[in-house]
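A short worksheet on the structure shown next.
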Amino acid sequence: MSTKVNKIGVLTSGGDSPGMNAAIRAVVRTGIYYGLEVFGIMRGYSGIIEDDMFQMSSRSVANIIQRGGTILKTARCKEFYNEEGRKKAFANLQKRGINGLVVIGGDGSFTGAYKLSKEFGIPCIGIPGTIDKDLYGTDFTLGFDTAANTAVQSIDKIRDTADSHDRLFIVEVMGRHAGYIALHSGIATGAEHILMPEVNTTIEEIISSLSEQEKRKKLVNLVIVAEGYMPDPSNPKIKGANEVARLLEERLKGLEIRVTILGHIQRGGPPSCIDRLIASRMGYHAVESLLEGRYNVMVGILNNNMHYTPLEIAIREKQKMGEDWLDIVKILAS
């Protein structure tokens with residue numbers, strides 16, 4: 001292995017996700033194993049600009065693999081969006097002698113890493129940390145499995161109540177631009193309807209389906225809505241479960257509707273076994289990539305094999321939802 005990279009920084013940026021701590025732990029311990037100095041950077045790119053960094057040891061990451069959130073904190077840094085902010089960040093990295101970065105986050109975080117690398121030649125590796133599972137080039141993102149399981153547990157409890165009442169229950173899960181949490185939790189809980197940003201399902205279609213189910217005396221009506229779902233794409237201000245409920249109440253007089261918004265409960269809690277494993281695997285391979293001279297890529301897992309996607313492509317492309325999933329939703333909810 002090449003030893004050109006001898007001091008690396010690790011940061012978490014954007015929205016937090018369960019598994020970030022496990023990834024930090026893997027990066028720190030793998031780096032130390034190979035004789036690197038590893039610096040923790042606080043609050044994402046803000047920490048580079050403010051020179052809020054500290055050298056980490058194996059003990060720094062003891063007893064964190066089971067914790068949600070991120071011990072390095074996270075923030076969105078507007079100053080880093082402009083070139084002057086990035087120049088300041090680069091100067092602080094130079095002062096510390098840091099010549100490699102591991103960035104744990106989503107596409108916005110990777111955009112920052114890509115610009116820093118392109119402008120100043122800092123080798124960067126991205127680890128996909130987002131509960132949305134919307135990044136191109138990987139079957140898994142840190143936190144998605146935990147978030148989906150949290151949603152499933154909550155929806156199962158709501159279904160118990162739905163079984164006891166003649167009402168329509170609408171549950172909103174996270175997903176501003178991606179419906180994977182809605183898709184997976186909806187299928188796993190047997191939801192009658194799953195509404196996602198990727199599929200243009202109209203209110204008329206929902207009403208028609210509800211009417212058909214009423215004819216068949218279907219006892220439970222459970223609708224899972226991704227927060228970014230828009231019943232009318234021409235009006236982007238109308239989105240989410242409350243708007244769906246309002247539109248249905250206007251059209252279906254007398255229908256009792258209850259709305260539950262799960263919100264940030266999906267971000268928190270101990271990461272699942274899967275999230276701990278993929279975080280550990282990705283963190284290890286992120287350091288290996290830096291040492292091998294494979295720079296400016298996102299570390300992902302495709303078909304259970306490590307896959308390295310150039311950051312530029314990971315930023316530009318989006319994960320596409322397979323048609324087979326949509327068929328499964330349609331058939332199993334009938």
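Looking at the range 7-23, which of the residues that are modelled with pLDDT under 95 and surrounded by fewer than 24 Cβ atoms within 10 Å (Cβ to Cβ) is farthest from the chain's Cα centre (by Cα)?
Out of the qualifying residues, it is Gly14.
List the pairs whose first member sits in the range 193-210 and is among the hydroxyl-bearing types (Ser, Thr, Tyr), whose second member is surrounded by 13 or more Cβ atoms within 10 Å (Cβ to Cβ), and whose Cβ atoms are under 7 Å apart, counting only residues at least 6 apart or on separate chains?
Thr201/Leu195; Thr202/Pro231; Ser209/His193
Can you go through Ile104, Ile194 and tell me which one is within 30 Å of Glu83 (Cβ to Cβ) and either crowded, with 22+ Cβ neighbours inside 10 Å or not β-branched (Val, Ile, Thr) (or both)?
Of the residues listed, the single one that is within 30 Å of Glu83 (Cβ to Cβ) and either crowded, with 22+ Cβ neighbours inside 10 Å or not β-branched (Val, Ile, Thr) (or both) is Ile104.
If you go through the range 288-302 one residue at a time, do you hit one that is closer than 26 Å to Arg159 by Cβ and in a helix (DSSP H, G or I)?
Looking for residues that are closer than 26 Å to Arg159 by Cβ and in a helix (DSSP H, G or I), one finds none in the range 288-302, hence no.
Quick one: how many residues across the range 107-148 are surrounded by 24 or more Cβ atoms within 10 Å (Cβ to Cβ), of a type in the set (S, T, N, Q) and either touching a helix residue (DSSP H, G or I) at 6+ places or on another chain (Cβ under 7 Å) or over 30 Å from Gly186 (Cα atoms) (or both)?
Total satisfying the criteria: 1.
Take Thr70 and tell me if it is farther than 16 Å from Gly108 by Cα, touching a residue at least 12 places away in the same chain (Cβ under 8 Å), of a type in the set (S, T, N, Q) and in contact with a strand residue (DSSP E or B) (Cβ under 7 Å, 6 or more places away or on another chain).
Against the criterion (farther than 16 Å from Gly108 by Cα, touching a residue at least 12 places away in the same chain (Cβ under 8 Å), of a type in the set (S, T, N, Q) and in contact with a strand residue (DSSP E or B) (Cβ under 7 Å, 6 or more places away or on another chain)), Thr70 qualifies.
Here is a yes/no grid of residues against (1) in a strand (DSSP E or B); (2) buried (at least 18 other Cβ atoms within 10 Å of the Cβ); (3) of a type in the set (Asp, Glu):
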site	(1), (2), (3)
Arg25	no, yes, no
Gly40	yes, yes, no
Arg59	no, no, no
Gly68	no, yes, no
Arg86	no, yes, no
Ala91	no, no, no
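Could you list all residues from the range 128-185 that are within 22 Å of Asn242 (Cβ to Cβ), of a type in the set (Asp, Glu) and touching a strand residue (DSSP E or B) at 6+ places or on another chain (Cβ under 7 Å)?
Once the filter is applied, which keeps residues that are within 22 Å of Asn242 (Cβ to Cβ), of a type in the set (Asp, Glu) and touching a strand residue (DSSP E or B) at 6+ places or on another chain (Cβ under 7 Å), the range 128-185 yields only Glu172.
Only one of (1) without any contact (Cβ under 8 Å) to a residue 40 or more places away in the chain; (2) in a loop (DSSP other than H, G, I, E, B); (3) farther than 18 Å from Thr138 by Cα fails for Leu255. Which number is that?
With respect to (1) without any contact (Cβ under 8 Å) to a residue 40 or more places away in the chain; (2) in a loop (DSSP other than H, G, I, E, B); (3) farther than 18 Å from Thr138 by Cα, Leu255 is out only on (1).
The values are calculated or read from the model by the stated rules, or taken from the named source; none is laboratory data. Just so it is clear, the model here is predicted, and its values are computed rather than measured. Neighbour counts run over all protein chains shown; Cβ positions are idealised from the backbone, glycine included.
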